[in-house]
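Please treat every number below as a calculation from the coordinates, not as lab data. Nothing here was measured: the structure is a model prediction, and the numbers come from that model. All Cβ positions, glycine included, derive from the backbone under ideal geometry; neighbour counts span all protein chains shown.
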Amino acid sequence: MTYRQGASGQPVAVISGTGIRVQTIAIAAYRWGLSPEQLAQEYGLIETQLSDALGFYRMYQTQIDRAIATEEAIELAYCQYLQLKKKDS
């Protein structure tokens, strides 16, 4: 794993050699229920990259889940803002 600066300025864990965030793989695996084969096909990853990413997620699950929740809250607030703006137009 490596880190890059996210949009918020905070470091984000990504799979080395890719721009794929660990949290993206975690969501696809644990929320959407994609199998390792589906993940590999969808994201163009090999088995070791997937197992490393999921292992990293399990190790830092609290922090990564918090980052996911924060992004979801921001997205929800923005969608609500757009709906209000549309009503006012």
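Does A69 qualify as being surrounded by 14 or more Cβ atoms within 10 Å (Cβ to Cβ) and part of a helix (DSSP H, G or I)? In short, no. Tallying residues that are farther than 14 Å from L45 by Cβ and either aromatic (F, W, Y) or touching a Phe, Trp or Tyr at 6+ places or on another chain (Cβ under 7 Å) (or both) within segment 1-29 yields 4. Annotation note: Cβ proximity below 8 Å between a residue of segment 63-87 that is without any contact (Cβ under 8 Å) to a residue 60 or more places away in the chain and over 15 Å from A7 (Cβ atoms) and a residue that is surrounded by 10 or more Cβ atoms within 10 Å (Cβ to Cβ) and not β-branched (V, I, T) (sequence gap 6+ or interchain) occurs for I64/A13; I64/Q23; I64/A26; I64/Y57. Residue count for segment 7-26, restricted to those that are within 14 Å of I68 (Cβ to Cβ) and touching a helix residue (DSSP H, G or I) at 6+ places or on another chain (Cβ under 7 Å): 5. Evaluated against (1) of a type in the set (S, T, Y); (2) in a helix (DSSP H, G or I); (3) in contact (Cβ under 8 Å) with a residue 12 or more places away in the chain, T18 falls short on exactly one condition, (2).
Which numbered condition in (1) without any contact (Cβ under 8 Å) to a residue 12 or more places away in the chain; (2) in contact with a Leu (Cβ under 7 Å, 6 or more places away or on another chain); (3) loosely packed, with under 14 Cβ neighbours inside 10 Å is the only one that T48 fails? In the conditions (1) without any contact (Cβ under 8 Å) to a residue 12 or more places away in the chain; (2) in contact with a Leu (Cβ under 7 Å, 6 or more places away or on another chain); (3) loosely packed, with under 14 Cβ neighbours inside 10 Å, T48 misses (2) alone.
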